[in-house]
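Below: one structure, written as structure tokens.
No lab work stands behind these numbers, since they all come straight from the coordinates. Fair warning: this is a prediction, and the values are worked out from it, not measured in the lab. Because the Cβ atoms are built from the backbone with ideal geometry, glycine has one as well, and the counts that use them run over all protein chains shown.
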Amino acid sequence: MLEARNISLSAGTKDLLIDASFRIGDRDRVGLVGLNGTGKSTLLRFINETGTGKSVVSGGQVIRSSDTTIGYLPQEISFEGDLEKTSLQYVLQAQSALYGLQRSIERMQRELSDPSRDHASEEYTRLIEKFSDASHEFERLGGYRMEAEAEKILAGLGFSANGFRKKVGEFSGGWQMRLLIARLLLRKPTLLLLDEPTNHLDIDSLRWLENYMRNYEHGCIVVSHDRFFLDKVTTRTLEINFRTIHEYRGNYSYYEQEKAKRFELMMARYENDLKKIAHLKSFVDRFRYKATKAKQAQSRLRQMQKLEEELQAPEENRSRISFSFPKARPSGREVLKLEKVSKSWPLPDGSRKEVLKAVDLEIMRGDRIAIVGSNGAGKTTFCRIVSGDLDHEGKRTPGHNLSISSFAQHQAENLDPDKSVLDEMLQAAPDAESQRKARDILGCFLFSGDSVEKKTAVLSGGEKSRLSLAKILLQASNLLIMDEPTNHLDMRSKEMLIDALENYDGTLMVVSHDRYFLDSLVNKVLEIRNGSLRMHLGRYGEFLELSEKNAAEENEHNQSGGRRSNRSRKDGPGKKADDKPEKTGVARLERAIESLEKKKQEYERQMAASDFYARPEEETGRTIGEYEALGREIEKLYREWEAAVS
């Protein structure tokens, strides 16, 4: 479909690619990875412009098959000229020929129904024939399925039926990006180029897009910092590294493992070459002035010089700088309590949207909570209430010694436009040790070299967000609230943040659509739906599996015409945080499960210690036996719980 041969790309004076080659087949699903600034977006833009006369390449060639059509999703979009169209009209225009034919048919329908027309005239007869021909052609090309398919794609990406008729200009930038994704999917190009398609999607839309892309009948190249998405969708990985492209025949997880293996092989080869050079040098130094060995010494010298010329230490771009949060005084056992908290927002028609409805919640020390829900469910509103930044109805009670740090999406607005990036960091540093860490932390969040001297006024939205996040890491707290902290981070920065949060000894609450990030950190999931809260115990991955299973069962149940009880026995041992349990037995079982799960985690910490299996066999055997017995008891309680709520 597309082949690049020895291409060279640059951005200004910076070389991005030198003599790079790759090939994309008809059904290839390719993940394009590399550090920020290596040229991923530039390469996608270049591929999109090949054959248009706009593309600028300093060397090499790109060959496209004649039937290749390209659909391109950039990170920055413009909807000028389309703002007055409805979302459905905008998406339908992807099929321009069909959309134009549909408009012609609608126009002819209006003319045919005009009572002032002479129905006996030849002109009217010709109009009927044209209308009939156009209708048959529209049907032959699948036009009558087009609108239903467009609505299906829009619904999958989170648009409601009312949203189909809203004007493009009434949507936020994130929802407009979804419209562009929908338009590309309806168009069905033979090669999709997607630059960060997951940035503005919630969990439900992400899962829908994953399933759609896995069944997509053509090829795609995806740039994304969502490793779950890459693992689900892609089957090949191209890495831009040191101005060339390396291919890996697998998804992102395979790429990570294979890259580590390749690095080990390169290091072994490098160390072996160093030994050869040392051996040759020893021979040359010993015999180069001895007449009987001079010829051999000269030969070894040439070998040594050739090896030294070719010698190159493998470069590792995955080195990580570790950092940790400053220590704060421990909070009380109960960190924060909400009682009958409600919040609503005014709507343009004068009514109010109730986001939270008399919810109750207790946050305990050591909780690591993912806050999830569809877009507009109230996740950001909830975070602002918990952090104390938003008025509300009901009671909010902070616990003993509570100190809060929060990262919000609007926090970038608080940066001083006259200060440099480094000055902002130093001002946030509470002590000399934190000031010493400031530059390292900025480096982790993609500020290095002269960029730390830039004024915050000239930073992009993503750069401001990263700077605001970096400042949080200098502040001591025992409750950390983070609203979409990973939106503008690359893979390496995300891993560094995960490392720091894993060692954070306070209580954590985080909103994110990055599933790998959440699954690495949380032990509870708080779901916001229809103004209510429901707490689910366990890792985020377990919550997702359960949600998918429930959705599949509900879909099957609905299709069979059966009725589903108001409370599913498959919801897991979570309870509505704003309701008292219907049965005291259910509440007792949930408390028992939670208590035993904590004991189980303590056993797992003991067994994970490096010296565990070096201890006396009697001690380790007893611990393992108690751990297994605890697991059986938890399973028994789960079965009792399922019976109690069914």
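What the table shows:
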| quantity | calculated |
| --- | --- |
| Residue pairs, from the table LYS357/LYS599; LYS40/LYS494; LYS327/LYS379; LYS232/LYS261; LYS167/LYS524; LYS337/LYS471, whose Cα atoms sit over 29 Å apart | LYS357/LYS599; LYS167/LYS524 |
| Stretch in the chain that is longest and holds no GluC sites (Glu not before Pro) that DSSP places in a loop and that have at most 14 other beta carbons within 10 Å | 317-581 |
| FRET E, pair GLN61, ARG249, Förster distance 35 Å, beta-carbon r, rounded to 0.05 | 0.90 |
| Charge tally in the Cβ shell below 12 Å around LYS293, where Lys, Arg are +1 and Asp, Glu are -1, LYS293 excluded | +4 |
| Environment charge of SER66, counting only residues whose C-beta is closer than 14 Å and scoring Lys/Arg +1, Asp/Glu -1 | -2 |
| Proxy reagent accessibility, fewest Cβ within 10 Å first, across ASP450, ASP195 | ASP450, ASP195 |
| Relative contact order (percent, whole number), the chain, Cα cutoff 8 Å, 6+ residue spacing | 12 |
| Residue-averaged [θ]222 nm for the chain, counting only DSSP H segments that reach four residues, each worth -39500 (n - 2.57) | -14500 deg cm²/dmol |
| Reference-scaled alpha-carbon Rg (2.2 N^0.38 Å with N residues) for the chain | 1.18 |
| Which of ARG333, ARG178 has the fewest Cβ neighbours within 10 Å, and the rest in rising order | ARG333, ARG178 |
| J(HN,Hα) series, region 456-468, from Karplus relation 6.51 cos²θ - 1.76 cosθ + 1.60, nearest Hz, glycine and proline x | 5, 4, 9, 6, 6, x, x, 5, 5, 5, 5, 5, 4 |
| Using alpha carbons only: equivalent-ellipsoid semi-axes of region 334-549, gyration tensor based, whole Å | 30, 20, 17 |
| Residue-by-residue Karplus 3J(HN,Hα) for region 279-291, coefficients 6.51, -1.76, 1.60, Hz, glycine and proline x | 5, 5, 4, 4, 5, 5, 4, 7, 10, 5, 9, 9, 4 |
| In sequence order, calculated HN-Hα J values of region 368-385 (Karplus, 6.51, -1.76, 1.60; Hz; x Gly/Pro) | 10, 10, 8, 9, 10, x, 5, 4, x, 6, x, 5, 5, 4, 4, 4, 5, 5 |
| Burial ordering of ASP273, ASP19, ASP391, ASP202, fewest other beta-carbon atoms within 10 Å first | ASP391, ASP19, ASP273, ASP202 |
